[in-house]
Each structure stands twice: as C-alpha cells, then as structure tokens.
Amino acid sequence: MIPLTYKVQFGKDLTTGRESYLSSWKSPDDPSIGLYKLWLDPNGYPQLVMEKGLVEHARVGPWNGLGFRGRPIENTGPIFLLEFTVNDKEMYYRFTLKTSVVFRMLMMHDAIIMQSNWIERTQEWAAYGNIVVDTCSLYGRCGPYGICTVENPKSDL
C-alpha cells in the first residue's frame, strides 16, 4: 500500500536550489530520459514550462491562485488533491494521493502526460486521464500581442 502522504511534485526548493521536474520517455518502449522536460518556472508569476531539448516548447500559466491560466480549474476527483505552494523556502505544484490507490504519472516520448492507476484485479494500469498541451499553449504560436482560442488557434490582434 502507498501511504496517503505520497506526492508527485514539480517545483523548486528555493533554499537549496534543488529542482523536481517531469521528463519524457525516450521512445514508446524506452523509459530512459527523452527530449521533453516539464518544470515549474519560479521567475515572476509561476508557470509550467515544457522544453524540447533546450528550446521552450509550451507553457501553461501563470498561476492565478486557483489554477494555471488557460487551463480549466481542475476537478481532482477521488484519487488526488492538487495544491500549489509558494513561500520564501519553496515553490511546488503537487499531486497528493487521497486514497491508497497506486497512481503514476508518465510523460511519454511525444510529451503527452499519462495519468493511470493500478487495477489489482486485472494486474494492469488503467488510464485515468491525460494532459495534452493544446495549440494555444505552444510557445510563440500566435506571435507577439496575439490572442489564441482553442476554436481559432492562429488568431492575432
């Protein structure tokens, strides 16, 4: 059993400089470190940034106190609780398990983040959800001073 305090988190310990982030798989069948990295940028208003290699690929945010701007307010459901912590010592975005369900979060080789839980009866992982970066979150998609809506992702002012 996983303890109820189990957490998946990304962020930064501001006193030690230690950073937690999510990295992608190298290929569909190779879980070694791939091209993508999802991390919490602590500069200015906190935002989640995805890099492909050393190039910014997408970003979600900034944090508005309830969720990341551009993303729906997340309904965490019965499995985990989302929390965002910012203070003088740390800045973290955490997923804390609310039950003893075995839960995992993987960033696949194509940057899709898969959330799944272990089903003991079938001895298999069942997809709980996935996080896909929408076209409006892709970095530089609409150019300077552009606005983007999911319905019309190329619109500019």
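Which cross-chain or sequence-distant (5 or more) residues have an amide H under 5 Å from the amide H of Lys98, H modelled 1.01 Å from N in plane?
Here the answer is Phe80, Leu81, since their amide H atoms fall under 5 Å of that of Lys98.
Tell me, what % of the accessible area of region 7-54 is carbon and sulfur with a 1.4 angstrom probe?
Solvent-exposed carbon and sulfur of region 7-54 make up 51 percent of the total.
Which whole-Hz ³J(HN,Hα) couplings does region 61-68 yield from phi under the Karplus relation 6.51 cos²θ - 1.76 cosθ + 1.60, θ = phi - 60°, glycine and proline marked x?
Residue by residue, region 61-68 yields x, x, 5, 10, x, 10, x, 7 Hz.
If each of Ser32 and Asn64 carries a label point 7 Å out from its Cα toward its Cβ, how far apart are those two points in nm?
With each label point 7 Å from Cα toward Cβ, the separation is 4.2 nm.
Which residues' amide hydrogens lie under 5 Å from the amide hydrogen of Phe68, considering only partners 5 or more residues apart or on another chain, with H built in the peptide plane?
For Phe68, whose amide H was placed from the backbone, there are no distant partners under 5 Å.
Any chance you could tell me what percent of the C-alpha pair distances in region 18-70 go past 16 Å?
47
What are the ³J(HN,Hα) values, in whole Hz, obtained from phi via the Karplus relation 6.51 cos²θ - 1.76 cosθ + 1.60 with θ = phi - 60°, for each residue of region 88-105 in sequence order, with x given for Gly and Pro?
Whole-Hz 3J(HN,Hα) from phi for region 88-105: 5, 9, 8, 9, 9, 10, 10, 10, 10, 5, 9, 10, 8, 4, 7, 10, 9, 10.
The values are calculated or read from the model by the stated rules, or taken from the named source; none is laboratory data. Keep in mind the model is a prediction, meaning the values are calculated, not measured. Using ideal geometry, Cβ is built from the backbone for each residue, glycine included, and neighbour counts are taken over all protein chains shown. Surface accessibility is based on the protein's heavy atoms, side chains included, excluding ligands, DNA and RNA. Shrake-Rupley method; radii C 1.70, N 1.55, O 1.52, S 1.80 Å.
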